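What follows is one structure encoded as structure tokens, with my remarks underneath.
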Amino acid sequence: MNKLHTYKRITLLITVLALALITAACSTAQNKAENKKTAWDEIKEKGKIVVATSGTLYPTSYHDTDSGKDKLTGYEVEVIREAAERLDLDVEFKEMGFDGMLTAVGSGQVDAAANDITMTDDRKEKFLFSTPYKYSFGTAIVRKKDLSGIHTLEDLKGKKAAGAATTVYMDIARKYGAEEVIYDNATNDQFLKDVANGRTDVILNDYYLQKLALAAMPDLDLTIHPDLKYYPHQQGMIMKKGNTELKKQFDKTIDEMLKDGTIKKISKKFFGGADVSKKQDIDYIDVDVNK
């Protein structure tokens, strides 16, 4: 009887110890999960968000030197600054070429990117986008005297198309057989002068950006192609997949800025009175883009 009683006590003790170890392990795992900081937690802790932008894309992200100061400004720069201020954050803009921005977001080198980045299906699968704050469509800058020999998108075949390698617009140029001329974070005047002097033939890009770029350099024999309106799209701030709380915070703030007219006001300042936060009702050429 004593041996049986002792055996039962030992078995009970082993069971209790095993349960205690399991409970402790579960508790530790739960605590680790609860204590794991999100990207938003870390940003709030630092009081700063790091955002990639080019600093060369007028009027969305560029350096204003007219005042004698070399200040980074532009439509998206100021939208993000205002949103961050409402979230009680500072913004550190990290300037880089477009082709490196998505890599920097994915690797965590930056928290987000804002540089007229189009919301494509492919990007939506790999990243998160904020509420859109810009709606536009694609156009083409060509030589005024002969439209660079381009009358339809099919005429892009064999033409020299200028741009960054990983943009939607270069993808469209490739689809139609254009010869790529790749630039790394070049300024608008470099792009425009090269089309005017024949080094390249065409720049496919956003309508609003192209309209203002030409207005800034009226002496060049260039124009926006009158018949090429294609690919309606929208832009927003882009973030790493999984940073849902960061997206939630900026979505809420950007929605407020859209409703109270702040974004409309910023748009009119940088886009010559146009409100880019609204969609346009235009007949577009159908272009299949998934990039």
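The values are calculated or read from the model by the stated rules, or taken from the named source; none is laboratory data. Note that the structure is a prediction, hence the values are computed from the model and not measured. Counting neighbours? That spans all protein chains shown, and the Cβs are built from the backbone with ideal geometry, glycine included. Side chains included, ligands, DNA and RNA excluded: accessible areas come from the protein's heavy atoms. Shrake-Rupley method; radii C 1.70, N 1.55, O 1.52, S 1.80 Å.
Within the stretch 100-113, is even one residue closer than 22 Å to LYS278 by Cα and either in the same structural domain as SER54 (by the TED database) or open to solvent by less than 40 Å² (accessible area, probe 1.4 Å) (or both)? Checked against the condition, which is being closer than 22 Å to LYS278 by Cα and either in the same structural domain as SER54 (by the TED database) or open to solvent by less than 40 Å² (accessible area, probe 1.4 Å) (or both), the stretch 100-113 yields at least one hit.
Within the stretch 221-246, the set of residues being of a type in the set (Val, Ile, Thr) and either under 22 Å from VAL50 (Cα atoms) or outside the structural domain of ASP155 (by the TED database) (or both) comprises ILE238, THR244. LYS278 meets the stated requirement of being outside the structural domain of ASP189 (by the TED database) and farther than 23 Å from PHE98 by Cα. If you go through the stretch 138-152 and pick out every residue that is under 23 Å from HIS233 (Cα atoms) and of a type in the set (Ser, Thr, Tyr), you end up with 2. What residue, among those in the stretch 254-282 that are modelled with pLDDT of 90 or more and open to solvent by 80 Å² or more (accessible area, probe 1.4 Å), is nearest to THR73 (Cα to Cα)? Top of the filtered list is LYS269.
Condition test on THR166, is it out of contact with any helix residue (DSSP H, G or I) (no Cβ under 6 Å at 6 or more places or on another chain) and β-branched (Val, Ile, Thr)?
Values: out of contact with any helix residue (DSSP H, G or I) (no Cβ under 6 Å at 6 or more places or on another chain): no; β-branched (Val, Ile, Thr): yes.
So THR166 does not fit the description; no.
Per this entry, SER130 is not counted among residues that are at pLDDT 95 or above and either aliphatic (A, V, I, L, M) or open to solvent by 10 Å² or more (accessible area, probe 1.4 Å) (or both).
Where strands (runs of 3 or more DSSP E) fall entirely within the stretch 135-251, those with at least 2 residues that are open to solvent by 40 Å² or more (accessible area, probe 1.4 Å) and of a type outside the set (Phe, Trp, Tyr) are at 179-182, 230-235.
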